[in-house]
Each structure stands twice: as C-alpha cells, then as structure tokens.
Amino acid sequence: MRKNVIKEILELLDKEYGTTKEQFLHQEDWQLLLAIMLSAQSTDKQVYEVLPNLWKRFQTINQMAEASIEEIEQYIKTVGLYKSKAKNMKKCCSQIIENFHGKVPMTVDELVTLAGVGRKSATLFLADAYGIPGVTVDTHVLRISKRLGLAKGNNPVQVEKELMEVLPKENWNRINFQLIYHGRAICTARKCHCHKCFIEKWCEKRIEK
Ligand code: SF4
C-alpha cells in the first residue's frame with residue numbers, strides 16, 4: 001500500500017476516533033495491569049464499573065496477593081470469565097512480589113511470565129504505563145488491517161509485524177483502539193458497512209455485499 005494512502009487512512013482514523021484512549025482507573029502500575037487483564041473478553045464499561053470498589057478494597061499489591069480467590073471474585077463477578085481472572089489476579093500479584101521485588105516488569109518477555117498476561121495485555125500495559133510504542137493485534141485489528149490492505153498475514157503475530165513495518169511509530173499505540181472502535185461500529189465481523197465508512201475511498205476491499 002502506498003505511503004500517501006496509509007497517511008490518509010491514519011489521519012481519518014485520528015479525526016474520527018481521537019488519538020488517546022481513556023485509561024482504566026488506577027493509582028499503581030499493578031492495578032493498571034490487572035485492569036487490562038480484566039478487560040479481556042469484556043467490555044471497557046464492565047471494567048470501569050468494578051474498578052472503584054476493587055481498588056477501595058485492594059489498595060496494595062500485598063493485599064491482593066494475600067486475599068482469597070473467593071473474595072476477589074465478589075468484586076469482579078459482573079466481568080466476563082471472572083473466576084479465572086480472580087485466580088490469575090491473585091497469582092500475578094504474588095509473582096510480581098516474589099519474582100520482581102514487587103515492581104511490575106517493563107518488558108514484554110518478563111510480563112508474559114505473569115499469570116493471565118498474554119502478549120497483547122503486556123504490550124497494552126507498556127503503552128499505557130510508559131508510552132512504550134507497540135502494536136496490539138486482536139480480532140478487530142486483524143480483520144480490518146487485512147480488509148484495508150494494511151496487512152496480509154493470517155495471524156496476530158504476522159499482522160503485528162506487518163503493521164510495525166508500514167505504520168509510523170507514533171501511530172502504533174493508537175491503531176489498536178481506533179480499529180476496535182471501527183470494527184464495532186462500521187467494519188464489523190458480520191458485515192462491512194462500506195456505504196457509511198469514512199475510509200471507504202482508501203480501502204482495498206470495499207467488500208459490502
Ligand atoms: S470500506 Fe468497508 S471493508 Fe473497508 S474498512 Fe470500511 S467498512 Fe471495512
């Protein structure tokens with residue numbers, strides 16, 4: 001895809017969806033990491049709703065590590081997969097205390113050793129906490145990158161690599177939430193609503209049927 005086309009697409013995404021995403025409520029890095037963990041397979045709204053009470057009860061990483069899984073569950077049970085998330089949250093905090101002296105590590109390789117933290121959550125955490133550039137590829141990013149012609153790969157790792165090659169670094173952290181919004185509103189998995197798509201002119205597919 002030509003550079004000027006990519007530039008047009010990125011400018012339109014910035015205009016429509018903005019360049020920054022509201023961060024999850026947190027005071028400490030470990031809280032941000034757990035909030036990102038909670039957001040997997042759940043809506044941001046569900047996560048925003050549980051965080052105030054969760055952080056009121058668990059103000060230190062030790063309190064979370066020492067709590068019972070059942071108690072953690074009570075605070076997050078409106079969030080998807082809450083049982084496995086409660087288990088991972090407790091274990092993740094224990095691992096941070098035991099393996100990293102109580103400080104959340106700052107590399108993807110170290111972060112993915114923590115319970116419940118995958119590559120995507122690790123990249124999002126580093127971007128939100130420290131502004132470290134990274135591209136995170138979920139199902140929306142994968143689908144729309146291919147439809148637009150930004151990438152051709154068939155799995156998140158390939159597409160992540162392709163996007164990092166073609167996108168300017170300053171766009172890496174925001175392409176994820178911009179394409180998620182676009183994937184929910186217009187270019188959905190079931191149907192591409194190309195007639196109301198503001199990037200239709202630049203899209204390689206325009207595959208509405
Ligand atoms: S033009 Fe259609 S296929 Fe392309 S991004 Fe927009 S909705 Fe998706």
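Every read-out reported here was derived from the displayed coordinates using simple, explicitly stated rules and does not represent laboratory data. Predicted model, so just to flag it, every value in this text is computed and none were measured. Note that we place each Cβ from the backbone using ideal geometry, even for glycine, and neighbour counts take in every protein chain shown.
With +1 on the Cβ of every Lys and Arg and -1 on the Cβ of every Asp and Glu, and nothing else charged, how large is the dipole of the chain about its Cα centre, in debye rounded to the nearest 20?
The calculated dipole for the chain is roughly 1000 debye.
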By how many degrees, between 0 and 90 and to the nearest 10, does the Cα long axis of helix 3-17 differ from the longest principal axis of the chain? 50 degrees
Measuring from label point to label point, each 7 Å out along Cα→Cβ, what is the K191 to T60 span in nm? 5.5 nm
E73-N154 pseudo-label distance in nm [points 7 Å out on the Cα-to-Cβ vector]: 4.0 nm
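Under a point-charge model restricted to the Cβ atoms of Lys and Arg (+1) and Asp and Glu (-1), what is the dipole moment magnitude of the range 69-176 relative to its Cα centre, in debye to the nearest 20? Mind showing how you got there, number by number?
Working: 16 positive and 12 negative charges, 78 e Å.
Once rounded to the nearest 20, the dipole reads 380 debye.
Could you list the square roots of 5 times each eigenvalue of the Cα gyration tensor of the range 135-202, that is, the equivalent ellipsoid semi-axes, sorted largest first and rounded to whole Å?
In descending order, the three semi-axes are 19, 12, 11 Å.
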Select from L163, I72, L34 the residue farthest towards the positive end of the dipole of the chain; place +1 on Cβ of Lys and Arg, -1 on Cβ of Asp and Glu, and compute about the Cα centre. L163
What is the sum of charges, Lys and Arg at +1 and Asp and Glu at -1, for the other residues whose Cβ falls under 15 Å from the Cβ of N155? +3
Counting every C-alpha pair in the chain, the percent lying more than 30 Å apart is 28 percent
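With charges only on Cβ, +1 for K and R and -1 for D and E, what is the dipole size of the range 135-202 about its Cα centre, in debye, rounded to 20?
On the way: 12 positive and 6 negative charges, 69 e Å.
Computed about the Cα centre, the dipole is about 340 debye.
Which ordering of M64, M37, M164 is given by a fewest-first count of other beta-carbon atoms within 10 Å? Display every interim value, and only then the final one.
Details: M64 24, M37 21, M164 13.
Sorted ascending by nearby Cβ count, the order is M164, M37, M64.
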Where does helix 29-39 land angle-wise versus the long Cα axis of the chain, in degrees 0 to 90, nearest 10? 60 degrees
Any idea which of A151, S84, V117 is furthest toward the positive side of the dipole for the range 63-159, if Lys and Arg beta-carbons carry +1 and Asp and Glu beta-carbons -1? A151
Most exposed to least, judged by fewest other Cβ atoms within 10 Å, H26, H193, H182 sort to H193, H26, H182
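Only helical DSSP H runs with n ≥ 4 go in: add -39500 (n - 2.57) per run for the chain, normalise by residue count and round the 222 nm mean residue ellipticity to 500 deg cm²/dmol. It would help to have the intermediate numbers written out before the result.
Numbers: 11 runs with 127 residues, N = 209.
The per-residue figure over the chain is -18500 deg cm²/dmol.
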Round to the nearest 10 and give me the degree value, 0 to 90, for the angle of helix 156-166's Cα axis relative to the longest principal axis of the chain. 60 degrees
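Using Cβ counts within 10 Å as a stand-in for footprinting exposure, how do R174, R2, R184 rank, fewest first?
On the way: R174 19, R2 9, R184 12.
Going from least to most buried by this count: R2, R184, R174.
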Structure shown: which of K3/K152; K77/K191; K56/K91; K56/K77 lie over 25 Å apart, alpha-carbon to alpha-carbon? K77/K191
Using Cα positions and a limit of under 14 Å, work out the aspartates and glutamates in reach of K196, with same-chain residues fewer than 8 apart set aside. E16, E208
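With r as the distance between the Cβ atoms of M164 and T113 and R0 = 25 Å, compute the FRET efficiency 1/(1 + (r/R0)^6) and round to 0.05.
Details: r = 23 Å, r/R0 = 0.91.
That gives a FRET efficiency of 0.65.
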Quick one: among R190, R119, R143, which has the greatest mean-square fluctuation in a GNM of the chain with alpha-carbon springs under 10 angstrom? R190
Where the centre of each part is set by its Cα atoms, how far does the range 127-159 sit from the range 39-96, in angstrom? 27 Å
